[in-house]
Every structure is written in structure tokens, then in C-alpha cells.
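Written out below as C-alpha cells is the structure these notes cover.
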Amino acid sequence: MEPKNLIQHFINNFNAKPEFIVRAPGRVNLIGEHTDYNDGFVLPMAIDRAIWLALRSRPGDQVRIHSLDLETELAFQLNSLKPGTDWIEYPKGVASELMKAGYPLCGFEAVMTGNVPRGAGLSSSAAVELAVARAFAAVSGFEWDAIKMAKISQKAENLWVGVNCGIMDQMASAACHSGHALFLDCRSLEIQYAPLPHGVSVVILDTSTRRGLVDSAYNERRNQCEEAARLFGVKALRDVSVEEFEKSKGEKGLSEVVSRRAKHIVSENDRVLEAVQVMKSGNVRRLGELFNASHDSLRYDFEVTNDALNVMVECAREAPGCYGARMTGAGFGGCAVALVEEEKAEAFTHAVIAAYRQRSGLEASVYVCKASEGASLVHI
Ligand code: GLA
């Protein structure tokens, strides 16, 4: 939505002009899947789809948010936060963690809207969290620190919402730069910005299937990774190299399944490091091969794809101009991402939609996306 419309909605709702507009983007992960909670490496980029809030401060400790998309207005008191079960839990969780970290918060009223598809693996919840954190920074007048805010938002999701996610999504929504992917070391939170190669489009392919039972499967993968790290005698699988893994996997007592889970993490970390190198040198072909290898590892070793994702990736790989394709995000449904020759992006899009419809009977949504800026204040 254009900020202009958002301003009008704010006026209609609260009979006054907003003081601020903030936005925070969704993300697509280029490579490095399920590595974040193994202290490993990831390479997400913020997309040109976001959550926006128009807001003004209000006296007292109430926070009111009117969601234009869900057509509901919900509120909470900063001084007496109580758990509930609605979308407002994300803003509440952020408020709770900001206060625990010692930030003095002001109340505000806001209208909120967004165009990040929900449950598609593009981090709509991280976008809400970071937009709310940005809103609190604006009305309460504290300095914006992207990394601190990402950590606080992750805690909100872990402790208040109860989803045991890693740090990737919040870091991407908080700290990305336009035109770049964010190369993140999830142990040190050290960041490098990797420029996207010229002449290449990043295309998101939404299978239109949504992940079910994802929390239990996600937690199961986390536990298996932790078990593998324990058996290897290291803090996290990030500390095991591909060579070490191959040399000693037989002597550590890993079950067949746990060994495959660990193999994915160890090899995926290696692929992220190589991906950053080949992005710098502009070797798009190799980058595409790494995408393909990542998907196959997620499909056969980590087992977090579903039929729709596998069919989508196959359709993408056969379409014009494709360098490589893989599932993105937690998996079990949602989106794939493809690296495509820019000039062929349109032909690619048509071909994938038609092939996917024919093979799966489902309608895909396709977004050719731009790498955008992390959470920010919009000038009004
Ligand atoms: C979800 C989680 C992230 C990460 C990915 C998988 O998006 O929120 O922390 O673990 O899955 O890479």
C-alpha cells in the first residue's frame, strides 16, 4: 500500500494525521536453510513486500492497532500485559521484550497493513514484529539498533508467541540493505552484505500449499541436530566441517536419520560460504548449482519438503533462463525460490505457472522480487 492511502485510513480511523509511518519487509532466504539454530550461516534478502504502520503516540499506556487487512482493531495496556491468542500477540510480545530489556515505552494508536503472504515462508510474522519495534522506537524516542531489535523480536516470538524459531528472519527484516543479500553468521551475528549479481532475477514461487504441523516437525529437526552436535562433542553442528563429518560420522553413534539431518546442516553451511564467494565473483551458474544442491539435501536428507515444493522446483529447473531453484524457509509447504536470467524472467514465469498447474493441479503465485531495505521510518 502507498503511504498516502495509509495516511487516509489513519485519518478515517483516528480523526487525526499520523506522526510516523514505519515499514518492515518480509524476506526470502537464498540459501542456508535450518542452519540458523545450528549457529551456522544464512543468506537471506529482504523482499519488496512489507508490513506498514501509520501511527501517532497517545497519552497513557494503551497500544491500539487497527489491522486493515484483518478488519479488526485490538488493544493492550503496556502496564498489564496478558497473554491471548490473536494476531496482537506479536505486537504484545515485542512490547514485553522491549520493556524487559529496559526500554521505556509510550502508548500509540496505529493502522497496519501489509502484502507479505501469511504462512508462505516469507516471514510475515518477523515483518510484523520489526514494524512494531520500529514503531515503538519512533514514538518512544529511542535509537534504532537493528541487531538488538532483531534479538528482541526473536525473543518475542520464542517466549511470548511460543514459536521456537532461530534468528534469521528477524535479522533479515531488521538489517538487510537494498540490492544486497545479508550474509549472517548466526553465532556471532556478524554481517556482511553480498551484492546480487547483475542480470539475475530472484523469483519467488508460491506453491499455494501451506505448512501444517510445522511446529512439531521443526522442533523435531532442532532436537535431532542438537543430538548430533552432542554426539560429535561440539556446541553446535556449525563446529563440524564436511571433512570431519565424513571421516568420523560412523564412529559417533548417530542413528541413520540423525546422521542425514547432520549431513544436511554441515553441507549447507559449506554451500552458504561458497555462495557468498560466487556472488562476489558473479558466477551465477555456480550459484544456481548450489541452490539445486541445497534443495536436494533438504528433500532427501533433512526431509522438510512436500510434493508441491518438489514439483515446483522441478518445473522451475525446466523453465527458460533458470540457473537453479530450491525451497525456501522452514519448508513443508509455502514457497520455492529460483535464480533466473533477468531477460527471461517473464517467459520463465509463464512457463512455471503452466507446468505447475499441469503437474499439480494447483495455481502458483509468482513474484519477481527486488532486494529491499530492512525496517525503516518512511518519510511523510
Ligand atoms: C523458519 C525459522 C527460521 C529458520 C528457517 C529455516 O523461517 O523462523 O529461524 O530456522 O525456518 O531455515
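The values are calculated or read from the model by the stated rules, or taken from the named source; none is laboratory data. These numbers were taken from a predicted model, which means no experiment stands behind them. Methodologically, a virtual Cβ is constructed for each residue, glycine included, from the backbone with ideal geometry; neighbour enumeration extends over all protein chains shown. Side chains are part of the model used for accessible areas, which takes the heavy atoms of the whole protein and leaves out ligands, DNA and RNA. Shrake-Rupley method; radii C 1.70, N 1.55, O 1.52, S 1.80 Å.
Hey, if you drop one equal point scatterer on each alpha-carbon of the chain and run the Debye formula without solvent, what base-10 log of I(q)/I(0) do you get at q = 0.10, 0.13, 0.15 Å⁻¹?
Per q value, in the given order, log10 I(q)/I(0) is -0.63, -1.04, -1.29.
Reachable lysines from residue 17, Cα under 25 Å, same-chain residues fewer than 8 places away excluded?
Result set, ordered by chain and number: 4, 92.
For region 81-180, give the percent of accessible area contributed by carbon and sulfur heavy atoms, probe 1.4 Å, rounded to a whole number.
51
Can you put 151, 92, 252 in order of accessible area, largest first, using a 1.4 Å probe? Each step should come with its number before you reach the end.
Values: 151 105, 92 15, 252 65 Å².
Largest to smallest exposure gives the sequence 151, 252, 92.
How much accessible area per residue does the chain have, counting only protein heavy atoms and a probe of 1.4 Å, in square angstrom?
Accessible area per residue: 41 Å².
Given Cα positions, please report Rg to Rh for region 168-232, the hydrodynamic radius being the Kirkwood one.
Value, to two decimals: 1.07.
Can you list the residues, at least 5 places off or on another chain, whose amide H is less than 5 Å from the amide H of residue 58, using H built in the peptide plane?
107, 108, 109
Heads up, I need the accessible area for residue 176: 1.4 angstrom probe, whole protein in place, Å², nearest 10.
0
Using a 1.4 Å probe on the protein heavy atoms only, what accessible surface does residue 27 show? Give it in Å² to the nearest 10.
10
Divide by every residue of the chain the summed helix terms, -39500 (n - 2.57) for each DSSP H run of at least 4, and state the resulting mean residue ellipticity at 222 nm, rounded to the nearest 500 deg cm²/dmol. Please list the in-between numbers first.
On the way: 11 runs with 156 residues, N = 380.
One gets -13500 deg cm²/dmol as the mean residue ellipticity at 222 nm.
Would you work out what percent of the accessible area of region 1-42, with all protein chains in place, is carbon or sulfur (probe 1.4 Å)? Intermediate values should be presented prior to the final figure.
Details: 720 of 1570 Å².
Percent of accessible area from carbon and sulfur atoms in region 1-42: 46.
Taking θ = phi - 60°, what integer Hz values does the Karplus form 6.51 cos²θ - 1.76 cosθ + 1.60 yield along region 320-326, in sequence order, with x for Gly and Pro?
x, x, 7, 8, x, 8, 7
Could you please state how large a percent of the accessible area of region 209-354 is carbon and sulfur, counting protein chains only and using a 1.4 Å probe?
Details: 2990 of 6410 Å².
Using a 1.4 Å probe with all protein chains present, region 209-354 comes out at 47 percent carbon and sulfur.
Run through the DSSP bridge list for the chain and note the antiparallel percent, rounded to the nearest 5. List each step's numbers first, then the result.
Numbers: 51 of 56 bridges.
Within the chain, antiparallel bridges account for around 90 percent of the total.
For 85, 305, 72, give me the order by solvent-accessible area with a 1.4 Å probe, most accessible first, ignoring ligands, DNA and RNA.
Values: 85 145, 305 25, 72 55 Å².
Ranked list, largest accessible area first: 85, 72, 305.
Please give the contour-minus-distance gain from residue 380 to residue 210: 0.36 nm per residue of separation, less the Cα-Cα distance, rounded to one decimal in nm.
57.6 nm
For the chain, with only Lys/Arg (+1) and Asp/Glu (-1) charged at the beta-carbon, what is the dipole magnitude about the Cα centre, in debye rounded to 20?
Here the size comes out at about 420 debye.
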